[in-house]
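Shown next, in structure tokens, is the structure this report addresses.
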Amino acid sequence: MHIEHELTPDDDTATIFIEGLDKDLRIFHVTDSHMAEGDDRDPDALEHVTSVGGRFAERTPGGVPAQEVFRKTLQRGKEQDLDAAAFTGDMIHFPSYRGIEVIAEGMAELAVPTIYTLGNHDWHFPHLPWNNETRAAHYPRFHSITDGNPTCQAIEVGGVRLIAIDNSNYQVTADQVTFLRQQLGKGQPSLLFIHIPICIESLVPAVMEMWKAPIMMAADEGWSEQTREQWRVPGDEVATRECHELLVSGDTANLAGIFCGHVHFPHADAYRDGRYQYVTTPGFAGGSRIIELKGR
Ligand SMILES: [Fe+2]
């Protein structure tokens, strides 16, 4: 399958030519809005609505709440004649019922098939430990926006498979790798949506500069004992290594690209010959990306 990326200096588009595509497609990618929403259904979260909300409002264009930027982003998306949308996590800063409703309302407003994968903040209230128990405890809240399965989903749009895998703890499981293999095995052109970027050499310096740790998936180098402890990334599980290898050198030629967020700045580069990973500018900073898929 011939796939070609047309790189531009533009951080808010990605143009990919895909041989044999029946119709051109436009997919809206939004990530990391970090909205702080809550109400009395989550009384313990109310203090975070104020503190986190204030912290992110300082980082938005015009110093407005992140929710306001999200509404403008949705508006921009609606003007784009979209075929689908993908949200790649940390859309909310903690999993309040109200926050998840805001996402669901946003999906409904776009009125196109939408896929959602979680980030490391989605499932974590700041007053709870950041671990797999907390993640598992809050997963059910996301069933309504993940077709009942926050770990992995796939939808088909115009002959293209959009695949989402939750790698928000820096790891994937053997079941997720099996799911990815099955989806790619269908042979259709595909896009993968994950929260945490896979490690690419050209992404490392900027990540290290901003975060002082290589906060990417399958990053071998750059961790210290202290940063591994701080980010709770003790080391990679076998399935995570297997997933990385599958993506960078395995039988995944029909995977046209990877789209992600997490590190809060835009980046685009190849993760294997002719296949690119795009990190999109965070939603709170006004970022989004239109993925244009064009037949040839
Ligand atoms: Fe994140």
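The values are calculated or read from the model by the stated rules, or taken from the named source; none is laboratory data. Just so we're clear, the structure is a prediction, and the values are computed from it rather than from any experiment. Don't worry about glycine lacking a Cβ; one is built from the backbone with ideal geometry, like all the others, and counts go over all protein chains shown.
Name the one entry in R141, R228 that is surrounded by 15 or more Cβ atoms within 10 Å (Cβ to Cβ), among the charged types (D, E, K, R) and farther than 22 Å from T280 by Cβ.
Answer to the selection: R141.
Quick one: Q230 ticks every box in (1) in contact (Cβ under 8 Å) with a residue 60 or more places away in the chain; (2) within 16 Å of the ligand (Cβ to nearest atom); (3) farther than 17 Å from Q183 by Cβ bar one, so which box is it?
(1)
Conditions first: (1) among the hydrophobic types (A, V, I, L, M, F, W, C); (2) at pLDDT below 95; (3) over 26 Å from R135 (Cα atoms). V157 passes all but one, so which condition is the exception?
Exception for V157: condition (2).
So how many residues does the range 184-217 have that are of a type outside the set (A, V, I, L, M, F, W, C), closer than 17 Å to D269 by Cβ and not in a helix (DSSP H, G or I)?
2
Can you tell me which residues in the range 156-205 are crowded, with 21+ Cβ neighbours inside 10 Å and on the phi > 0 side of the Ramachandran plot?
Hit for the range 156-205 is Y170, nothing else.
List pairs: first residue in the range 158-186 and in contact (Cβ under 8 Å) with a residue 24 or more places away in the chain, second residue acidic (D, E) and part of a helix (DSSP H, G or I) anywhere in the structure, Cβ distance under 6 angstrom, at least six positions apart or on different chains.
V177/E242
If a residue has to be in a loop (DSSP other than H, G, I, E, B) and in contact with a strand residue (DSSP E or B) (Cβ under 8 Å, 6 or more places away or on another chain) to count, how many in the range 66-81 make the cut? Show your work before the answer.
Let us first name the residues in the range 66-81 that are in a loop (DSSP other than H, G, I, E, B), namely 79-81.
Now narrow it down to the ones that are in contact with a strand residue (DSSP E or B) (Cβ under 8 Å, 6 or more places away or on another chain): 80-81.
Of the residues in that region, 2 qualify.
Applying the selection to the range 253-270, what residues are more than 16 Å from the ligand (Cβ to nearest atom) and crowded, with 20+ Cβ neighbours inside 10 Å?
Once the filter is applied, which keeps residues that are more than 16 Å from the ligand (Cβ to nearest atom) and crowded, with 20+ Cβ neighbours inside 10 Å, the range 253-270 yields L255, A256, G257, A268.
Return a yes/no flag: does the range 17-33 have any residue that is more than 17 Å from L191 (Cα to Cα) and either touching a residue at least 60 places away in the same chain (Cβ under 8 Å) or not small (G, A, S) (or both).
Yes, that holds for at least one residue.
Output the residues belonging to the range 79-103 that are away from the ligand (no atom under 16 Å from the Cβ) and closer than 17 Å to D147 by Cα.
A84, A85, Y97, I100, E101, V102
Against the definition (away from the ligand (no atom under 15 Å from the Cβ) and under 29 Å from N132 (Cβ atoms)), how does V248 come out, yes or no?
Answer is yes for this residue.
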